Amino acid sequence: MIDSLNISVKKTAASRIGQLDFANIPFGKIYADHLFSAEYVDGEWKDPQITPYEDLRISPASPALHYGISIFEGLKAYKNDKGEVLVFRPGKNFDRMNISAERMCMPLIPESLYFEGLNALLDLDRDWVPSAQGTSLYIRPFLFSNDDYIGIRPSQDFKFMIITCPVGAYYAKPVKVKIETHYTRAIEGGSGYCKTGCNYGPAIYPAKLAQEKGYDQLLWTDGKEHKYIEESGTMNVMFVIDGKLITPSLEDSILNGITRDSVLTLAKDWCMEVEERRIEIKELISAIQDKKVQEVFGAGTAATIAQIERIGYDGVDYELPAVETREFSQKVLKTLDAIKYGHMEDKFNWIHTV
Ligand SMILES: *Cc1c(COP(=O)(O)O)cnc(C)c1O
C-alpha cells in the first residue's frame, strides 16, 4: 500500500487545449491532456503516475474485455469566480467505487491513491475546467482487470485510471420516459447497486426500442414482478406527490446516487416531508390521474435534475404538470448549482477545492 504517494509526472509535449472551443464543447469527445494511472500487481498498488492522455495497451485476454471486470465513477469539477477548481462530493464517489470493487472481486482503492491522484491531475489540467455557468469538467475514475488470463476467476492484476473531459452547458430538455415491464436492468441479488460495466451494456437495447417509439429513456421497474418503480437510465427518479418528496428506497437493484442524496438532504433541510419507500406503478398512475403528482424528475450527475414531462405505461401516455410550475425541483437545481460554482455557502461540506 502507498501511504504517501510519489506520483511521477510526464507532461505532454503538445497540449491539445487549443483544439477546444470553450463556447461550444462537444460531449465526451475531447479529453484533457493528461491521465492518472496506477497498477495493482502482486497484491500491491504501484507506479502512480500522470502521463499524456493516449490509447492503452491491454492483453487481448483481459477479463475486462471478456467478462466486464470493470467499474467506474462519474463526478464533476467546476470553476469558481476566483479560478479555483471545486469538486462536488468526491468522497462519496470514492466510497461507492469501493463498494463496486468489493462486488466485482477487485482490490479496494486506497483513499490516498484516489485523492492524491485526483488532486494532482486536476491541478495539472486546471485550464481544462471551463468556467462558464453550466459548464464543468467531467471526471471518470475507473478500475479494470489487467490480467492476461482468459479463465473466469477473481482477477489478480488491475489498473486504476482517471480521465477527464470538459462538458458544455446544455439546456436540459424535459424527457419522456416509458415504464419498462418486460426487460430488466437489475434484480435483487445482482449488481444493480454498482457502477460496473456489465450493468450498462444490456440496458442499451431496451432503451433503443423505447426510443424508436418516441421516448427518451426508460423507467425501470423491479426485475421480479415489474410492479415497483426503480430508476431511469443513469438517474434516480423522484416524485413530488401532494407536497411530499417520494423516491424509491435503496434496494440492491438501485444505484445509490449522490445527486439523489443531495436532493434528499436539501429537502430535509427545507423541512419538506420525505419518503424513501417502494412505489407501485399503480399508485403512481392513480396519483397522476387524481392530479396529485406535482413534479417528476430524474437526479444524476450528468444533468443534475432532468424534468420528466411524460410517462408512458401500458400503451397510454400520461402528461405531467408543466415544468414552470415545479417549484421544488427548480429550487433544488438553483441551489445545487450555486453550491457547485461557489456562489453559496457550502453548509453541508460538499465542496473539495483543488
Ligand atoms: C450514476 C448513476 C446514477 C446517478 O448517480 P449520481 O451519483 O447522482 O451521478 C443513478 N443510476 C444509475 C444506474 C447510475 O449509473
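Every number here is computed from the coordinates shown, using simple stated rules; none is lab data. Every value quoted in this text rests on a predicted model; they were computed, and no experiment measured them. Don't worry about glycine lacking a Cβ; one is built from the backbone with ideal geometry, like all the others, and counts go over all protein chains shown.
Counting only alpha carbon atoms, the long axis of helix 258-269 and the longest principal axis of the chain meet at about 50°.
Dividing the convex hull volume of the alpha carbon atoms of segment 59-153 by its residue count gives 115 Å³ per residue. What angle, in degrees between 0 and 90 and rounded to the nearest 10, separates the Cα long axis of helix 111-124 from the longest principal axis of the Cα atoms of the chain? For 111-124 against the chain, the angle is about 80 degrees. Exposure proxy for TYR341, TYR205: other Cβ atoms within 10 Å of each Cβ, ordered fewest to most, give TYR205, TYR341.
For a straight C-alpha distance cut-off of 27 angstrom, the lysines reachable from LYS291 (same-chain residues fewer than eight places away being disregarded) are LYS173, LYS176, LYS178, LYS213, LYS227, LYS244, LYS268, LYS282, LYS331, LYS334. On the principal axes of its alpha-carbon atoms, segment 175-340 has extents of 38, 33, 25 Å, going from largest to smallest.
Considering only alpha-carbon pairs that sit under 8 angstrom and 6 or more positions apart, the relative contact order computed for the chain is 18 percent.
Which FRET efficiency value, to the nearest 0.05, do you get for HIS182 and SER286 by plugging their Cβ-Cβ distance into 1/(1 + (r/R0)^6) with R0 = 22 Å? Taking R0 as 22 Å, the efficiency between HIS182 and SER286 is 0.50.
Cα axis of helix 327-340 to longest principal axis of the chain: angle in degrees, 0 to 90, nearest 10? Computed tilt is about 10 degrees.
One compactness figure for segment 8-168 is 1.07, namely its Cα radius of gyration divided by 2.2 N^0.38 Å. Over segment 8-168, Cα pairs under 8 Å with separation of 6+ residues give a relative contact order of 35 percent. Going from the residue with the fewest nearby Cβ atoms within 10 Å to the one with the most, ARG326, ARG16, ARG310 rank ARG16, ARG310, ARG326.
Max-minus-min Cα coordinates of the chain on each principal axis give 62, 52, 36 Å, with the largest extent listed first. Each of CYS105, CYS271, CYS198 was scored by other Cβ atoms within 10 Å of its Cβ. Listed from fewest to most, they are CYS271, CYS105, CYS198.
Which FRET efficiency value, to the nearest 0.05, do you get for ASP252 and ILE150 by plugging their Cβ-Cβ distance into 1/(1 + (r/R0)^6) with R0 = 45 Å? The formula returns an efficiency of 0.95 here. Take the convex hull of the alpha carbons in segment 225-303; its mean projected area over all directions comes to 5.2 nm².
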